[in-house]
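The values are calculated or read from the model by the stated rules, or taken from the named source; none is laboratory data. None of the values given here were measured: they were computed from a predicted structure. Neighbour counts are summed over all protein chains in view; Cβ atoms, including those assigned to glycine, are modelled from backbone coordinates with ideal geometry.
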Amino acid sequence: MENITRRKFVIQSSKLLAFLPIAGAVGCFSNTDSKLSPEDSLKRLIYIVGPWTVADKLTAENFAKRFLQTGHADPYLPKSVKLIQSLTKELSEETIAVKEIGLDSIPEEEQEILLNLTKQLYSFVEVRFYVSNEPPWGECQGNPKWHTRIPE
Amino acid sequence: MNEEIKADYCIVGGGIAGILLASKLVATGKKILILDQGPRFTEKDRADFLSKSKEDLNDFADYNDNVDSGVVTPLSSAKSGDLVVEWTNYRLFGIGGTALHFEGLMMRPIEEDMRVKTNYGYSRDWPISYSELEPWLLEAEYEIGVSGNDDNPYASSKSGPYPMPGHPFSYFDSEILAPALKKTGITGHSCPRAVNSVPYRGRSACQACRACKFCPTGARYSPDRVHVPILEKHDNVKILENISVRKLETNSKGDKINAAHAIRLQDKSEVVIVAKNFIVAMGGVETPRMLLLSANNGIHKHGLGNMGGQLGVGFNDHDNLYVTFDAARPVGRRLGYETMVSDHFRKHINRIEQPTFTMYASPAMDWFPIGNEATTWSRHGNIVSLEDLRDSLPNMATLSIMTESEGRGILELDIENLDSYGDPIAKVTMKLTEWDRKAYSKLVELAPELAEAMSAKKVSEVSPPGFGLGYHPSGATAMAKNPDEGVCDENLKVFGVENLYLVSNSVFPHMGSNPPTLTIAALALRLAAHLEAAK
């Protein structure tokens, strides 16, 4: 069963795996801790699915905090504990920005939640601009030809 | 006793039409009163909106978010059924109106847009020709400050250049889009924008902040930043915010407006405005609603100017469709708006068979639907490759089209839904005809061709036909040669009322596939000249 689960449930850590130091506050999950709150589980999910590197862990924390404070989290909270428990069977406690997630062993309803969370995260301009290393929305570049540069 | 205010010109609505009209009338020295049911936003408001949108992770934050919708923004309703689609409204209330948050697209109509009934057999002709409107379009481009190059091979004649050069083409425009368009026989050209490409009349050039809705620099035109401050320096102009005009009262014969009845939102006090001329400039929905709410017992018993049964008829909007491409290589950045567009399908299409459309494409990094597309495309069987997702985002581009529609919508009063004052809200029943839907079919055909031409790896499905957010409501108080064809005459005077004028996109007999703002501005300037001449 363990091997089947492993095959179906491929989750590779990124090269940027690292420890998020404020474990309680940012939601780092211990498999031995069955009392993880829905909020902390969701934060952990955001770090796993989101694009942030460990060097930008404060940015990730700040984003997750606002995500939870402003009602965006509501559809995900009821299932977040179950989902993170499924995922973290294959993840270290410190994992962020994984390369891929296998859906096979995740119950159908939780799969939908995970996909919706992914779609929503990458629908935020702030997240997409982080991915493309673009300066924040609203920050003037002082260069009207900024958009003519050859992309890196 | 109610407060009474007297004026020579009472302009109801402080959007781009009303403000530009006033900016021309001010030189007459006549007393001008401008009323708007929204507030006068400050620069601090703009900064706070931008800051709050980040704090709340709300990419759609907007000016009217905190306003009581029952008081300031009565909603439109829609039926469902065959060929009838949902319709919403992206308008704003406040000094500056919808131009507070508009994208600044400043395309002109083309000659053919104004003769569609005669030439192609659909919708309605304008009672004036393109050549009559053209000088006012040019003047509007200078008043507003439009950047653009005279490189559009599909445009109708222009009597002068744009006041500013166009924004430089982006990397994507030059290296990916233009070559792909060329392979399919289409020419890309500059996009006329109310965004400064160079400093213009005291405002800076665009600084690429990409938050155009709140434009921190003022490079994008907004009436409250450009023309309102000028008006505020004149003693003969009074601008009242947060005041809602509820009804226009006619005299006993019904051929003249005696007064406008209004309510101040803050203390609910009633105000009566007595003026020599009234100009309703309340946009595509509230203008026809005001005429319907002002029905009297005489010839206007079905609404002002509605002797021919044309009030509310021909309501129209644009259908906006889009596709997303994964271009398989980085597409670069954008200023916050498209810098290359194409009017090819405004000119080279059989209008008897299908609608025209304008075409826009650009890198999609600030286009929210790509989160959905990229996630969907990054799923391989039961594996979601987040690495693929992150890698693909910088390669994404979007192409959208703004399509002409036949204009078969109806606007009427919804007696089952009342606003906070007990008045019926506007009900819009929006029809998307089979002819309208052919623009969708055309894009379905075109998208894979363009994808191949730009060597894209993937292309999404075309978004379904519909009227989306309702950007450009128009047509429900059309200008016409007689009351059997419209609500106001070619000088925008309401039929059967000697001192009532309209100026908004509601007076368009037909709207081509170009955004309406420049045409609205041109009509406002033309009306100002008419009123001055008529004094």
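Worth pointing out:
- Of note, B:Gly512 does not satisfy the criterion of being modelled with pLDDT of 95 or more and either basic (Lys, Arg) or within 21 Å of B:Gly305 (Cα to Cα) (or both).
- Any hit, segment B:184-203, residues being outside any loop (DSSP other than H, G, I, E, B), farther than 22 Å from B:Tyr360 by Cβ, within 14 Å of another protein chain (Cβ to nearest Cβ) and of a type outside the set (Val, Ile, Thr): yes
- Check on B:Asp65, surrounded by fewer than 18 Cβ atoms within 10 Å (Cβ to Cβ), modelled with pLDDT under 90 and within 14 Å of chain A (Cβ to nearest Cβ): yes
- Set B:Asn196, B:Asn242: member being within 27 Å of the chain's Cα centre (by Cα) and either surrounded by fewer than 18 Cβ atoms within 10 Å (Cβ to Cβ) or more than 30 Å from B:Arg333 (Cα to Cα) (or both): B:Asn242
- Scanning segment B:307-323 finds one or more residues that are surrounded by fewer than 20 Cβ atoms within 10 Å (Cβ to Cβ), at positive phi and away from chain A (no Cβ under 14 Å).
- Here is the figure for segment B:19-53: residues that are of a type in the set (D, E, K, R) and either in contact with a helix residue (DSSP H, G or I) (Cβ under 7 Å, 6 or more places away or on another chain) or within 18 Å of B:Gly283 (Cα to Cα) (or both) total 3.
- Against the list (1) closer than 30 Å to B:Ala397 by Cβ; (2) not in a loop (DSSP other than H, G, I, E, B), the condition B:Gly314 fails is (1).
- In segment B:346-389, the residues that are within 24 Å of the chain's Cα centre (by Cα), outside any strand (DSSP E or B) and within 30 Å of B:Cys215 (Cβ to Cβ): B:Arg346, B:Thr356, B:Ala364, B:Asp366, B:Trp367, B:Phe368, B:Pro369
- Considering B:Leu393, B:Leu399, the condition of being touching a residue at least 12 places away in the same chain (Cβ under 8 Å), in a helix (DSSP H, G or I), at negative phi and touching a helix residue (DSSP H, G or I) at 6+ places or on another chain (Cβ under 9 Å) is satisfied by B:Leu393 alone.
- Scanning segment A:87-109 for residues that are within 19 Å of A:Leu121 (Cβ to Cβ) and modelled with pLDDT under 85 returns A:Leu87, A:Thr88, A:Leu91, A:Thr95.
- Of the residues making up segment B:265-282, those that are surrounded by fewer than 17 Cβ atoms within 10 Å (Cβ to Cβ) and out of contact with any Lys or Arg (no Cβ under 7 Å at 6 or more places or on another chain) are B:Gln266, B:Asp267, B:Lys268, B:Ser269, B:Glu270, B:Val272, B:Lys276.
- Condition check for B:Ile425: touching a residue at least 60 places away in the same chain (Cβ under 8 Å) and not in a loop (DSSP other than H, G, I, E, B): yes
- As for segment B:406-422, it holds no residue that is within 14 Å of chain A (Cβ to nearest Cβ) and in contact (Cβ under 8 Å) with a residue 40 or more places away in the chain.
- Helices (runs of 4 or more DSSP H) wholly inside segment A:42-135 that include at least 1 residues being farther than 24 Å from B:Arg333 by Cβ, more than 9 Å from chain B (Cβ to nearest Cβ) and out of contact with any Cys (no Cβ under 9 Å at 6 or more places or on another chain): A:57-69, A:77-87, A:108-121
- Set side by side, the residues B:Ile273, B:Ile299, B:Ile279 differ, and just one is over 24 Å from the mean Cα position of the chain (by Cα), more than 14 Å from chain A (Cβ to nearest Cβ) and not in a loop (DSSP other than H, G, I, E, B), which is B:Ile273.
- Which listed residue, of B:Thr339, B:Thr356, B:Thr429, B:Thr376, is away from chain A (no Cβ under 14 Å), within 30 Å of B:Thr184 (Cβ to Cβ) and of a type in the set (Val, Ile, Thr): B:Thr356
- If you check A:Lys79, A:Lys15, A:Lys8 for being at pLDDT 65 or above, of a type outside the set (Gly, Ala, Ser) and either touching a helix residue (DSSP H, G or I) at 6+ places or on another chain (Cβ under 7 Å) or surrounded by fewer than 20 Cβ atoms within 10 Å (Cβ to Cβ) (or both), only one passes: A:Lys79.
- Tally, over segment A:40-99, of residues that are over 18 Å from B:Ser53 (Cα atoms) and aromatic (Phe, Trp, Tyr): 3
- Residue check, B:Arg289 surrounded by fewer than 24 Cβ atoms within 10 Å (Cβ to Cβ) and part of a helix (DSSP H, G or I): no
- All positions within segment B:404-463 that are over 16 Å from B:Phe315 (Cβ atoms), of a type in the set (Gly, Ala, Ser) and crowded, with 19+ Cβ neighbours inside 10 Å: B:Ala439, B:Ala447, B:Ala451, B:Ala456, B:Ser460
- Of all the numbered requirements in (1) in contact with a helix residue (DSSP H, G or I) (Cβ under 7 Å, 6 or more places away or on another chain); (2) modelled with pLDDT under 95; (3) surrounded by 15 or more Cβ atoms within 10 Å (Cβ to Cβ); (4) of a type outside the set (Phe, Trp, Tyr), B:Ile16 misses one, and that requirement is (2).
- Within segment A:136-152, the set of residues being assigned to a helix (DSSP H, G or I) and of a type outside the set (S, T, N, Q) comprises A:Trp146, A:His147.
- Exactly one residue out of B:Pro153, B:Pro168 is within 14 Å of chain A (Cβ to nearest Cβ) and in a loop (DSSP other than H, G, I, E, B), and it is B:Pro168.
- Residues located in segment B:230-263, provided they are free of Cβ contacts under 8 Å to residues at least 24 places away in the same chain and assigned to a strand (DSSP E or B): B:Asn258, B:Ala259, B:His261
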